[in-house]
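Trainee: Take a look at the following structure, please.
None of the figures in this text is laboratory data; all of them are computed from the coordinates on show. Bear in mind the structure is a predicted one, so any value in this text is a computation, not a measurement. Don't worry about glycine lacking a Cβ; one is built from the backbone with ideal geometry, like all the others, and counts go over all protein chains shown.
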Amino acid sequence: MSLAGEHSDSYSSNDDLGAVAVRGGTHREPRQNHTVASRYISDDEFRSAMEFSSEDEAHTGFAQGPLRLRGSQISKELRDAYEKILRDAWEKVESQLRQARLGEWKVLKANEPIVLQAPDSSYFIRSEFSCSPQVLFEAAWRDVLRWNSQLVEARVIATIDPVTDLYYSMSAPALKGYVSSRDFVDVRRVHFDSAIQTYTGVFVSVESQACPVHANKKIVRGTNGPSCIRAIGDATTGKCTLEWIMRTDLKGGLPKRLVQSSMLTYFIEHVARLREYIERQSAAAS
């Protein structure tokens with residue numbers, strides 16, 4: 001389950017983070033492109049990063065759950081609203097990625113995976129993987145139900161355009177049931193920059209009539225602020241880097257200390273499960 005919380009401790013100086021921010025090689029800044037220009041999209045490579053498997057979409061488990069909409073059922077006004085929300089989210093996460101790399105965020109963990117925290121309680125996670133950026137992105141973005149045991153449901157409920165969708169997810173209860181399930185409705189967009197072999201998925205929570213608040217009061221509707229998953233390739237080494245910005249409000253009046261104490265463990269375990277899944281897939285294919 002995605003966790004987030006505020007942190008009142010003092011923040012580290014730029015010098016403290018400097019060594020952390022540059023570890024793992026030189027980072028190449030993706031080119032700005034909010035609408036995803038078609039010249040960056042390869043049908044063979046990119047389509048697979050957007051298409052969800054039938055297994056994922058068939059996994060419902062939500063008896064009174066979200067409807068599966070056609071893109072044509074979403075009004076122009078709502079599409080325009082989603083477009084603005086995504087543009088704003090993109091600008092926000094790009095700004096946060098720059099801040100994190102420049103050493104402006106508090107260091108929670110200085111080695112693999114690197115975990116940083118912003119004053120607004122956004123989080124930056126960075127980890128190196130021995131695979132292509134496409135493999136990493138597909139695992140982190142498309143195949144999440146196959147390896148993330150903290151999710152009980154995750155599926156596209158509307159495809160808005162070839163790179164944009166409306167997405168529903170629900171977490172399992174945590175901390176032996178003390179933290180009940182949370183669910184989220186996000187609008188998401190994928191961008192592939194072929195020039196630097198970088199996949200980026202941006203997401204942020206929205207309201208949707210297709211997915212009202214759950215009738216079961218034990219399931220709390222959470223909110224994801226501007227967040228992203230980025231897979232950056234390195235043609236020299238054949239490896240890639242995961243960069244993850246996450247900001248989540250779990251709602252429900254959870255104690256701040258409880259949320260804060262869970263954060264680092266959650267991020268470490270999430271990256272470990274993702275790595276194990278990629279390694280299993282690689283071993284099965286060899």
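Trainee: Using only the Cα atoms of the stretch 73-284, what semi-axes does the equivalent ellipsoid have when each is the square root of 5 times a gyration tensor eigenvalue? Give whole Å, largest first.
Mentor: Semi-axes (√(5λ), whole Å): 25, 22, 18.
Trainee: Same structure, new question: Can you compute the modelled spin-label distance between residue 209 and residue 265, with each label point 7 Å from Cα toward Cβ, in nm?
Mentor: 4.3
Trainee: Still on this structure, I have one more. In the stretch 73-284, if the dipole is taken from +1 on Lys/Arg beta carbons and -1 on Asp/Glu beta carbons about the Cα centre, which of 140, 164, 196 is farthest to the positive end?
Mentor: 140
Trainee: Over 27 Å between C-alpha atoms is what I'm after, so list which of 76/217; 84/251; 106/251; 84/239 land there.
Mentor: Flagged as over cut-off: 76/217; 84/239.
Trainee: Return the inverse of the average 1/r over all pairs of distinct C-alpha atoms in the stretch 72-153, which is the Kirkwood hydrodynamic radius, in Å to one decimal.
Mentor: Answer for the stretch 72-153: a Kirkwood hydrodynamic radius of 15.6 Å.
Trainee: Then there is this: Residue 158's amide H: which non-local residues (gap 5+, or another chain) put their own amide H closer than 5 Å, with H modeled 1.01 Å from N in plane and none for Pro or chain starts?
Mentor: Placed amide hydrogens put 69, 166 under 5 Å from residue 158.
Trainee: Something else: Tell me which of 238, 222, 123 sits at the most positive position along the dipole axis of the stretch 73-284, charges placed on C-beta atoms (Lys, Arg +1; Asp, Glu -1).
Mentor: 222
Trainee: Let me ask you something else. Report, in debye and to the nearest 20, how large the dipole of the stretch 73-284 comes out about its Cα centre when Lys and Arg carry +1 and Asp and Glu carry -1 on their Cβ.
Mentor: I would put it at about 700 debye.
Trainee: Further, regarding this structure: Using label points projected 7 Å from each Cα along Cα→Cβ, tell me how many nm separate residue 282 and residue 194, to one decimal.
Mentor: A separation of 2.6 nm, rounded to one decimal place.
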